[in-house]
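The values are calculated or read from the model by the stated rules, or taken from the named source; none is laboratory data. Keep in mind it's a predicted model, so treat the numbers as computed, not measured. All Cβ positions, even for glycine, are placed from backbone atoms using ideal geometry, and neighbour counts span all protein chains on display.
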Amino acid sequence: MTALLPRRGLAQILALIVILAVDRVVSPQFFDLRLQDGRLFGSLIDVLNRGTPVALLSLGMVLVIATRGIDLSVGAVMAISGAIAASLADSHGLAVVLAAALGAGLLCGLWNGFLVSVLGMQPIVATLILMVAGRGIAQLITEGRIVTFTSPDLVWLGNGAVLGLPVPVAIALGMLILTGAVVRGSALGLLIEATGGNARASELAGVGTRAMILAVYVWCGVCAALAGVIAAADIMGADANNAGLWLELDAILAVVIGGTSLFGGRFSLILAVLGALIIQTMNTGILLSGYPPEFNLLVKAVVVLAVLLLQSPKLPGLAGIAARLRRAKA
Amino acid sequence: MENSLDPVPSLLEVRGISKSFGAVRALQEVDFTLRAGEIHALLGENGAGKSTLIKVITGVFPRDAGIVRLGGAEVAPRSAKAALQAGIATVYQEVNLLPNLSVAQNLFLDRQPMRFGIVREAEMRRRAKTLLAGFGLDIDVAAPLGSYSVAVQHVTAIARAVDLSARVLILDEPTASLDRHEVEILFNIMRQLAGRGIGIVFVSHFLDQVYEISDRITVLRNGRLVGERETASLPRLELIRMMLGRELAETTSARAATREHQAREVCASFENYGKAGYVAPFDLELRHGEVVGLAGLLGSGRTETARLVFGAERADRGQARVEGASVRLHTPRDGVRHGFGYCPEERKTDGIVADLTVRENIVLALQAKRGLHRPLSRREQDEIARRYVKMLDIRPADPERPVGLLSGGNQQKVLLARWLATSPRLLVLDEPTRGIDVGAHAEIIRLIRDLCDDGLALLVISSELDEIVTYSDRVVVLRDRAHVDELTGEAIDVTNILAAIAADGAAAVAHEGRA
């Protein structure tokens, strides 16, 4: 399990601490927690709760990116699964609703994986297809309306609590542990990193690279579908136009902040989720600070730049230049 | 080399060029002389330094040492474009033109005839037509270049280069994708250009063509100049020896002499095995405790044979057997499952996973063979890595170092370790000693012998003939993508291998003569 906690997480942890400290400054009650009706409340819990969809997306995305791929369709898959869940919620039990929604995500992942691994399409193009078409499919399912539901089971999924934690947070935690156990507990992690690092060499070493690539897209689809169900449960309805909109970009960002290269190879599940939390901590902080939300995007860009600079292997070189400049002045 | 009193003034003079990439010395004090109006073949096996030399001359790579003189004046182009302006043009095998533009646009790219800022299309087409007519080509110059054959594209590229007032024309494997008739057209154009005083450098591995077209030959091997000869007075056998052999010393098989010829058990056999357009069907038996060497020139089908045997390429005919039982070898996974291992020639692109550690690279094939659900624990991985780092003396002896940071020789050992960890019955090694320093070179050869003594079957490809002679029990000779000869026991020596490789050329020339 040491592989789950890599040595290289320092930049991300530092960034999170700095952002948390800034949040504390702009909102003095930021770290306050209180227990009410068996559920914890407070800004920190809010960060975790709001960050859940992107954290779930990044769990799938990080594996896809590790194989040197990318999945642009996760936002659209969220819309599809949300639409299915909302449409079925009041007429079927939770098990059926979940099975249908997650099954749809699995099919979406299979489609992406088929295009990439069997037909050999470029991932960015292959998943663009579903990114565009998926939202259309979701709109067909909801017939262009915002579908609302009242099923208490599904509402609980978005708003209930387990052991004091909001259910979405518990689910995300569970998925992180499950994914970690599957990926690092089996040989999958090594074989994914080998495939992403050098697919030709891995294939010649007997690695089933096609199956590996298919599997990560499927898992990415399932994670996205789960995020879609949670997002729908949260607002007790499905809006095919806006559910998961642009979240694929946040998920990619989370993975990149988490230190996984878009060129594939080494990946870290925990740091990808940490990346998602960094993004959400910023979002929440800006909301609390009372600055207009327009600042959100700018601040996000600056923080991303800072984290990436900290990770850059060329940074010592930059530091060297700075030191030389100082010496020259002195 | 010879005739330092050169009666013909030289057009392009290259003196003492050296070039290193990191620790690898790609060129060491290479000289090259091109006369005006001659066709000069530049020959050598893979990794000999031909491409590097061309790229240094044309400024694509900066050189470490040496000078280049063109028409007596020193030139030092910093880019291919600067070289072109100086009068040195290069046409690569993959034509560097724009297939979506018209032939005329390609010819006048960057220098279209203009009037008031508008390209004069008609004028450009007329001039393109005239230009190509000079090369015996009468085609619609308004059609996209991509709609024409590779031969036409080559001629277009040459026409463009010559029209840009090139004095030196470098053709890098121009005939590789041309048919016989197209080669004739190209050769006529080359002769015509040479007649106009242009010096032509012709890089090719088709020796028949070299003998047909070239006036002189320069041979490189391992980044060094081997010699410069007049084509007419250089026997084919001698040329091949220059390209392959280290020296004329007759190395005989140490193994054949010392080991008794015992009947060994067949490990894997291939009957009438082949793939259309890849390698002609061959029969091959690989036995336990035996090294079979594959010898032949570049492009003779050595690597292709290795890939078919391992399963990296799918055969379309023939039967493969492992320990007597028929098997299917369609993918590398099939090969691995049957206990085969393959160290490819291109270590960086096909072998190592540079970002992963030595440990991860070593256990990769074993883990792939065991399957997902039976992961090697970290302890097992550490133990395997430690064992092979020690056994093969991999340096630095740190299993957690990314393998990309190791030297070529150590990377090769990591690849060997990867396969040894799977306890294979057959190992296929493609140029296991290429690009490796002398020390590691000897170690790898010693290792090949040790493995063989342990009962492994080995199929080894090498361009170093004396190396093949040293460790092989049998040598299969390839030529033109077919297995043409098999040498065993006493018959294994450099002379016989060279004779087998060269035999065809003479036959082919005779055949051409009759036709």
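When you check residue B:405 against the structure, is it touching a helix residue (DSSP H, G or I) at 6+ places or on another chain (Cβ under 7 Å), within 14 Å of another protein chain (Cβ to nearest Cβ) and closer than 25 Å to residue B:22 by Cα, yes or no? It is false that residue B:405 is touching a helix residue (DSSP H, G or I) at 6+ places or on another chain (Cβ under 7 Å), within 14 Å of another protein chain (Cβ to nearest Cβ) and closer than 25 Å to residue B:22 by Cα. The residue that is nearest to residue B:266 (Cα to Cα), among those in region B:334-347 that are in contact (Cβ under 8 Å) with a residue 40 or more places away in the chain and under 27 Å from the mean Cα position of the chain (by Cα), is B:340.
Here residue B:383 meets each of (1) within 23 Å of residue B:458 (Cα to Cα); (2) not in a loop (DSSP other than H, G, I, E, B) with one exception, condition (1).
In region A:269-290 there is no residue matching the filter, namely being crowded, with 17+ Cβ neighbours inside 10 Å, in contact (Cβ under 8 Å) with a residue 60 or more places away in the chain and outside any helix (DSSP H, G or I). Would region B:185-194 turn up any residue that is surrounded by 15 or more Cβ atoms within 10 Å (Cβ to Cβ) and modelled with pLDDT under 85? Yes, because at least one residue in region B:185-194 is surrounded by 15 or more Cβ atoms within 10 Å (Cβ to Cβ) and modelled with pLDDT under 85. Against the list (1) without any contact (Cβ under 8 Å) to a residue 12 or more places away in the chain; (2) of a type outside the set (A, V, I, L, M); (3) more than 22 Å from residue A:209 (Cβ to Cβ); (4) outside any helix (DSSP H, G or I), the condition residue B:400 fails is (1). For region B:313-338, filtering for residues that are surrounded by fewer than 24 Cβ atoms within 10 Å (Cβ to Cβ) and within 14 Å of another protein chain (Cβ to nearest Cβ) leaves 8. What's the total number of residues in region A:155-202 that are more than 19 Å from the chain's Cα centre (by Cα), β-branched (Val, Ile, Thr) and within 14 Å of another protein chain (Cβ to nearest Cβ)? The qualifying residues number 1. It is to be established whether one or more residues within region B:376-390 are under 30 Å from residue B:308 (Cα atoms) and at the interface with another protein chain (Cβ under 10 Å from one of its Cβ atoms). Yes, because at least one residue in region B:376-390 is under 30 Å from residue B:308 (Cα atoms) and at the interface with another protein chain (Cβ under 10 Å from one of its Cβ atoms).
The residue of region B:348-366 that is surrounded by the fewest Cβ atoms within 10 Å (Cβ to Cβ), among those that are in contact with a helix residue (DSSP H, G or I) (Cβ under 6 Å, 6 or more places away or on another chain) and more than 9 Å from every other protein chain (Cβ to nearest Cβ), is B:359.
When the residues of region B:199-223 are filtered to those that are of a type in the set (D, E, K, R) and under 21 Å from residue B:17 (Cα atoms), the one that is modelled with the highest pLDDT is B:216. Out of curiosity, is residue A:231 aliphatic (A, V, I, L, M), surrounded by 11 or more Cβ atoms within 10 Å (Cβ to Cβ), out of contact with any Leu (no Cβ under 7 Å at 6 or more places or on another chain) and at pLDDT 90 or above? Yes. Among the residues of region B:135-175, the ones that are buried (at least 17 other Cβ atoms within 10 Å of the Cβ), in contact (Cβ under 8 Å) with a residue 60 or more places away in the chain and small (Gly, Ala, Ser) come to 3 in all.
Is it the case, given these coordinates, that residue B:331 is under 21 Å from the mean Cα position of the chain (by Cα) and polar (S, T, N, Q)? Taking the combined requirement at face value, the residue does not satisfy it.
The single condition from (1) assigned by TED's automatic domain parsing to the domain that holds residue B:482; (2) assigned to a strand (DSSP E or B); (3) farther than 16 Å from residue B:340 by Cα that residue B:274 fails is (1). Do we have residue A:251 as touching a Ser or Thr at 6+ places or on another chain (Cβ under 8 Å), farther than 30 Å from residue A:146 by Cα and either buried (at least 24 other Cβ atoms within 10 Å of the Cβ) or at the interface with chain B (Cβ under 9 Å from one of its Cβ atoms) (or both) here? The answer is no for residue A:251. In this structure, residue B:413 does satisfy being under 26 Å from residue B:457 (Cα atoms), more than 13 Å from every other protein chain (Cβ to nearest Cβ), at pLDDT 90 or above and within 27 Å of the chain's Cα centre (by Cα). Pairs linking a residue in region A:165-183 that is of a type in the set (Asp, Glu) to a residue that is in a strand (DSSP E or B) and surrounded by fewer than 18 Cβ atoms within 10 Å (Cβ to Cβ), with Cβ atoms under 9 Å and 6 or more positions apart or on different chains, do not occur.
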